[in-house]
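First comes the structure, then the notes that go with it.
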Amino acid sequence: MGRVYNFSAGPAQLPVSVLERAQEELLSYQEKGMSVMEMSHRSSDFKKIIERTEELIRELMEIPETYRVLFIQGGASLQFSMVPLNLLKDGGHAYYVNTGSWSKKALSEAKKIGEAKILASSDDQNFTYIPELDLQQINEQTDYVHITTNNTIEGTRFTKFPNTGHVPLVADASSNILSEQWDVSKFGLIYAGAQKNLGISGLTIVIIREDLIGHAKADIPTMLNYETYTKNNSLYNTPPTFAIYITMLLMEWLKEQGGVAAIEERNKEKANLLYKAIEDSKLFYSNVKREDRSLMNIPFMTDSDELNKLFVKEAEQEGLHQLKGHRSVGGMRASIYNAMPIEGVKALVDFMNEFERKHI
Ligand SMILES: *Cc1c(COP(=O)(O)O)cnc(C)c1O
């Protein structure tokens, strides 16, 4: 069977060349007579893989020397707990910007660990925009400010990042890391599950400024302390070796594409194609505020639940998969991460136009 265009929000489509390379090397990685899956995480071959992966991420994101790159399991969801466990101090508090389902989850986990408050929220309009932040509220007791750089479910993104001064800015960047150029030095900590723009599930990347490491409460579990990962180069226990290897391949692919600046241009081109199709349409619409639109996750819908269902069904017959919207938003959602080729977006737009002709 041929490959389809997979618009899933995650795990997401990978470039065919990455899958082919993994396939070629599946039985015997670089003539070693074994798969990466079977290799000791302490072997020199695997050490080269994890080091190369870190080097590529550092190069692509231009990560300053004062930051560490950690390889952790448990998904972005475990970071909802690890961040407050490591950064919240006695008597301190954290501020969360509530921009959607994932922010809400991050906030509720933080509340279990210490004091976590809402700095700003867009829940008054179903999270269809990014709220203004009143940074005056930040004070000496604020340990960090948490944002979700891209709201995977609602389809919004921060187009500029707040300047939180001496207070670290912490970002859940799961669904748009490496999709556009960022100045990493504006953040104290960035985390992202790998299954959207970094590879496959099982791996989470944490980029953390060195001075934020080593202040965790003394009694937290070893595996939840960032210091365990920094002291052991993410090899305290067995890391998700195959997932790290896939990230290495994907980062090599991204570099071949011209790096983040080049992929940003292509991502904008892809998103603009789809947004223009929605704007020009008399059938499809989007509720997201124009200035805050995501480049990665694009929800759209018609007024009829029946037509939405029919669209998703017929699209699948055309090889356009996983277009059903999240249940909290309804309608459709196209996730067009780095690995989605422009041809996939063009095929979707063509199908939308054809569907509209038939049903309006
Ligand atoms: C997918 C996603 C998560 C959850 O990631 P897991 O790795 O499944 O825990 C969290 N935050 C955002 C913004 C996401 O897109």
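Looking at the stretch 183-211, which of the residues that are within 15 Å of the ligand (Cβ to nearest atom) and open to solvent by 10 Å² or more (accessible area, probe 1.4 Å) is farthest from I336 (Cα to Cα)?
G202
Cβ-Cβ distance below 7 Å, separation of 6 or more or different chains: which pairs start in the stretch 217-243 with a residue that is of a type in the set (G, A, S) and end on one that is surrounded by 15 or more Cβ atoms within 10 Å (Cβ to Cβ) and assigned to a helix (DSSP H, G or I)?
If the second residue must be surrounded by 15 or more Cβ atoms within 10 Å (Cβ to Cβ) and assigned to a helix (DSSP H, G or I), the pairs left are S234/I50.
Here is a check on your reading of the model: is T228 exposed (fewer than 15 other Cβ atoms within 10 Å of the Cβ), among the hydroxyl-bearing types (S, T, Y) and over 23 Å from the mean Cα position of the chain (by Cα)? Write out each step before concluding.
Working: exposed (fewer than 15 other Cβ atoms within 10 Å of the Cβ): no; among the hydroxyl-bearing types (S, T, Y): yes; over 23 Å from the mean Cα position of the chain (by Cα): yes.
For T228, the condition - exposed (fewer than 15 other Cβ atoms within 10 Å of the Cβ), among the hydroxyl-bearing types (S, T, Y) and over 23 Å from the mean Cα position of the chain (by Cα) - is not met.
Name the single residue, out of those in the stretch 126-145 being polar (S, T, N, Q) and more than 23 Å from the chain's Cα centre (by Cα), that is least open to solvent (accessible area, probe 1.4 Å).
Looking only at the stretch 126-145, we keep the residues that are polar (S, T, N, Q), and these are 126, 128, 136-137, 139, 141-142.
Remaining after also requiring more than 23 Å from the chain's Cα centre (by Cα): 136-137, 139, 141-142.
Details: Q136: 161, Q137: 71, N139: 64, Q141: 96, T142: 9 Å².
Here the residue is T142.
Condition test on T238, is it assigned by TED's automatic domain parsing to the domain that holds S40, over 30 Å from V349 (Cα atoms) and open to solvent by 20 Å² or more (accessible area, probe 1.4 Å)? Please lay out each step first, then the result.
On the way: assigned by TED's automatic domain parsing to the domain that holds S40: yes; over 30 Å from V349 (Cα atoms): yes; open to solvent by 20 Å² or more (accessible area, probe 1.4 Å): yes.
Spelling it out, T238 is indeed assigned by TED's automatic domain parsing to the domain that holds S40, over 30 Å from V349 (Cα atoms) and open to solvent by 20 Å² or more (accessible area, probe 1.4 Å).
Test of understanding: among S81, S44, S40, S77, which residue is within 16 Å of the ligand (Cβ to nearest atom), modelled with pLDDT of 95 or more and open to solvent by 50 Å² or more (accessible area, probe 1.4 Å)? Quick ask: steps written out before the conclusion?
On the way: S81 fails: open to solvent by 50 Å² or more (accessible area, probe 1.4 Å); S44 fails: within 16 Å of the ligand (Cβ to nearest atom); S40 fails: within 16 Å of the ligand (Cβ to nearest atom).
It is S77.
Here are the criteria: (1) in a loop (DSSP other than H, G, I, E, B); (2) among the small types (G, A, S); (3) farther than 21 Å from G202 by Cβ. Tell me which single one S103 does not satisfy.
(1)
So which of E109, E154, E115 is closer than 30 Å to W253 by Cβ, surrounded by 14 or more Cβ atoms within 10 Å (Cβ to Cβ), among the charged types (D, E, K, R) and in the same structural domain as R68 (by TED's automatic domain parsing)? Working first, answer last.
Working: E109 fails: closer than 30 Å to W253 by Cβ; E115 fails: closer than 30 Å to W253 by Cβ.
Step by step, each of E109, E154, E115 is checked, and only E154 is closer than 30 Å to W253 by Cβ, surrounded by 14 or more Cβ atoms within 10 Å (Cβ to Cβ), among the charged types (D, E, K, R) and in the same structural domain as R68 (by TED's automatic domain parsing).
Can you tell me how many residues in the stretch 7-36 are open to solvent by 40 Å² or more (accessible area, probe 1.4 Å) and not in a loop (DSSP other than H, G, I, E, B)?
If we filter the stretch 7-36 for residues that are open to solvent by 40 Å² or more (accessible area, probe 1.4 Å), which is where we start, we get 11, 16-17, 19-21, 23-24, 26-28, 30-34.
Of the ones still in play, those that are also not in a loop (DSSP other than H, G, I, E, B) are 16-17, 19-21, 23-24, 30-31.
Counting residues in the stretch 7-36 that are open to solvent by 40 Å² or more (accessible area, probe 1.4 Å) and not in a loop (DSSP other than H, G, I, E, B) gives 9.
Only one of I50, I72 is farther than 30 Å from A120 by Cα, modelled with pLDDT of 95 or more and either open to solvent by less than 50 Å² (accessible area, probe 1.4 Å) or within 16 Å of the ligand (Cβ to nearest atom) (or both). Can you tell me which?
Working: I72 fails: farther than 30 Å from A120 by Cα.
Exactly one of I50, I72 is farther than 30 Å from A120 by Cα, modelled with pLDDT of 95 or more and either open to solvent by less than 50 Å² (accessible area, probe 1.4 Å) or within 16 Å of the ligand (Cβ to nearest atom) (or both), namely I50.
Identify, by number, the condition in (1) more than 22 Å from the chain's Cα centre (by Cα); (2) in a helix (DSSP H, G or I); (3) not aliphatic (A, V, I, L, M) that G91 doesn't meet.
Unmet for G91, out of (1) more than 22 Å from the chain's Cα centre (by Cα); (2) in a helix (DSSP H, G or I); (3) not aliphatic (A, V, I, L, M): (2).
Pull up the stretch 298-356, narrow it to residues that are among the hydrophobic types (A, V, I, L, M, F, W, C) and in a loop (DSSP other than H, G, I, E, B), then point me to the one that is most open to solvent (accessible area, probe 1.4 Å).
Once the filter is applied, the top-ranked residue is V329.
Can you tell me which of (1) open to solvent by 70 Å² or more (accessible area, probe 1.4 Å); (2) in a helix (DSSP H, G or I) is the one R58 doesn't meet?
Result: R58 passes all but (1).
Just checking, does the stretch 265-275 include any residue being in the same structural domain as M61 (by TED's automatic domain parsing) and outside any loop (DSSP other than H, G, I, E, B)? Write out each step before concluding.
Step one: filter the stretch 265-275 for residues in the same structural domain as M61 (by TED's automatic domain parsing), giving none.
No, the stretch 265-275 has no match at all.
Select from the stretch 84-113 the residues that are within 11 Å of the ligand (Cβ to nearest atom) and either of a type in the set (A, V, I, L, M) or at positive phi (or both) and list them in ascending order.
Matches in the stretch 84-113: G100, A106.
Just name the residue that is nearest to the chain's Cα centre (by Cα) out of those in the stretch 147-178 that are within 12 Å of I190 (Cα to Cα) and away from the ligand (no atom under 11 Å from the Cβ).
Residue satisfying both the conditions and the ranking: L178.
The values are calculated or read from the model by the stated rules, or taken from the named source; none is laboratory data. A quick note: this is a predicted structure, and the numbers were derived from the prediction, not measured. Cβ sites come from the backbone with ideal geometry, for glycine too, and all protein chains shown count toward neighbours. In case anyone asks, the SASA skips ligands and DNA or RNA and just uses the protein heavy atoms, side chains included. Shrake-Rupley method; radii C 1.70, N 1.55, O 1.52, S 1.80 Å.
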